[in-house]
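S.K.: The structure under discussion is supplied below as structure tokens; questions concerning it will follow.
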Amino acid sequence: GQQLNQSPQSMFIQEGEDVSMNCTSSSIFNTWLWYKQDPGEGPVLLIALYKAGELTSNGRLTAQFGITRKDSFLNISASIPSDVGIYFCAGPRFNQFYFGTGTSLTVIP
Amino acid sequence: EAQVTQNPRYLITVTGKKLTVTCSQNMNHEYMSWYRQDPGLGLRQIYYSMNVEVTDKGDVPEGYKVSRKEKRNFPLILESPSPNQTSLYFCASKRDRANYGYTFGSGTRLTVV
């Protein structure tokens, strides 16, 4: 199956700092999505990207669809304690839907 | 409220004892899926269903069965659970194959001893 590799695997940051994470694949994806999983819950969709090079924002979150279509990036500006959780990239290929390995974010007040 | 309901939330069982995790959605979604979440591996798709009576294997189907007799229900069956199936399981649904907004259940933490 497809492997979507995310880095870093975990991050510990101070409240107010900006965060960057990325997701790479050996295969081309035509859609990239970013989900967030709060502790004890299922993931929730944050942002969807549909075109190579696309830059999309959702509040303090900004995501980019890589030009090669094999990667995507997520930035969080001015982090707050409720940003804590696991962030997953995801994408559909054929009839399946793949998730990345996840980036765990801890925000220290 | 639109939701995916899976039960139970927690389950401890012994090796070889058949179990079923139920999943039900009230959004009339066509596409349903089961994932397992393991540290460092993210979410891996076990099985998916694009509609009633249509199911297919994901990346890690070994040791699992599913059925889709009704649109709303998509149970996950472990005929003979083994310790390597200890994991956090999620059921999820979305409107159809082309739509990308999954709604996830709250998860089932399974321990097989």
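The values are calculated or read from the model by the stated rules, or taken from the named source; none is laboratory data. None of these values were measured; they are calculated from a predicted model. Because the Cβ atoms are built from the backbone with ideal geometry, glycine has one as well, and the counts that use them run over all protein chains shown.
S.K.: Would you pick out the residues in the stretch A:4-23 that are more than 13 Å from chain B (Cβ to nearest Cβ) and either without any contact (Cβ under 8 Å) to a residue 60 or more places away in the chain or under 23 Å from A:Gln96 (Cα atoms) (or both)?
M.R.: A:Ser20, A:Asn22
S.K.: Then there's this: Quickly run through the stretch B:56-113 and pick out the residues that are over 18 Å from B:Leu43 (Cα atoms) and acidic (Asp, Glu).
M.R.: B:Glu70, B:Glu79, B:Asp96
S.K.: How about the stretch A:54-109: which of its residues are within 14 Å of chain B (Cβ to nearest Cβ), of a type in the set (S, T, N, Q) and without any contact (Cβ under 8 Å) to a residue 60 or more places away in the chain?
M.R.: Once the filter is applied, which keeps residues that are within 14 Å of chain B (Cβ to nearest Cβ), of a type in the set (S, T, N, Q) and without any contact (Cβ under 8 Å) to a residue 60 or more places away in the chain, the stretch A:54-109 yields A:Thr56, A:Asn58, A:Ser72, A:Asn95.
S.K.: Every residue in the stretch A:24-44 that is more than 8 Å from chain B (Cβ to nearest Cβ), of a type outside the set (Lys, Arg), within 20 Å of B:Ser93 (Cβ to Cβ) and not in a loop (DSSP other than H, G, I, E, B), please.
M.R.: A:Trp34, A:Gln37
S.K.: In a strand (DSSP E or B), in contact with a His (Cβ under 8 Å, 6 or more places away or on another chain), surrounded by 21 or more Cβ atoms within 10 Å (Cβ to Cβ) and touching a residue at least 24 places away in the same chain (Cβ under 8 Å): does that describe B:Ser33?
M.R.: When the stated conditions are applied, B:Ser33 does not pass them.
S.K.: Which residues, counting only those in the stretch B:56-113, are touching a residue at least 40 places away in the same chain (Cβ under 8 Å), at the interface with chain A (Cβ under 10 Å from one of its Cβ atoms) and either farther than 20 Å from A:Tyr98 by Cα or part of a loop (DSSP other than H, G, I, E, B) (or both)?
M.R.: B:Arg97, B:Asn99, B:Tyr102, B:Gly105, B:Ser106, B:Gly107, B:Arg109
Conditions tested, residue by residue: (1) buried (at least 16 other Cβ atoms within 10 Å of the Cβ); (2) under 19 Å from B:Gly42 (Cβ atoms).
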| site | (1), (2) |
| --- | --- |
| A:Gln3 | no, yes |
| A:Ser10 | no, yes |
| A:Val19 | yes, yes |
| A:Asn22 | yes, yes |
| A:Tyr35 | yes, yes |
| A:Arg60 | no, no |
| A:Ala63 | yes, yes |
| A:Gly66 | yes, yes |
| A:Pro92 | yes, yes |
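S.K.: Next up: Scan the stretch B:90-113 for residues that are at pLDDT 95 or above and touching a Leu at 6+ places or on another chain (Cβ under 6 Å) and jot them down.
M.R.: Selection gives B:Gly107, B:Arg109, B:Leu110.
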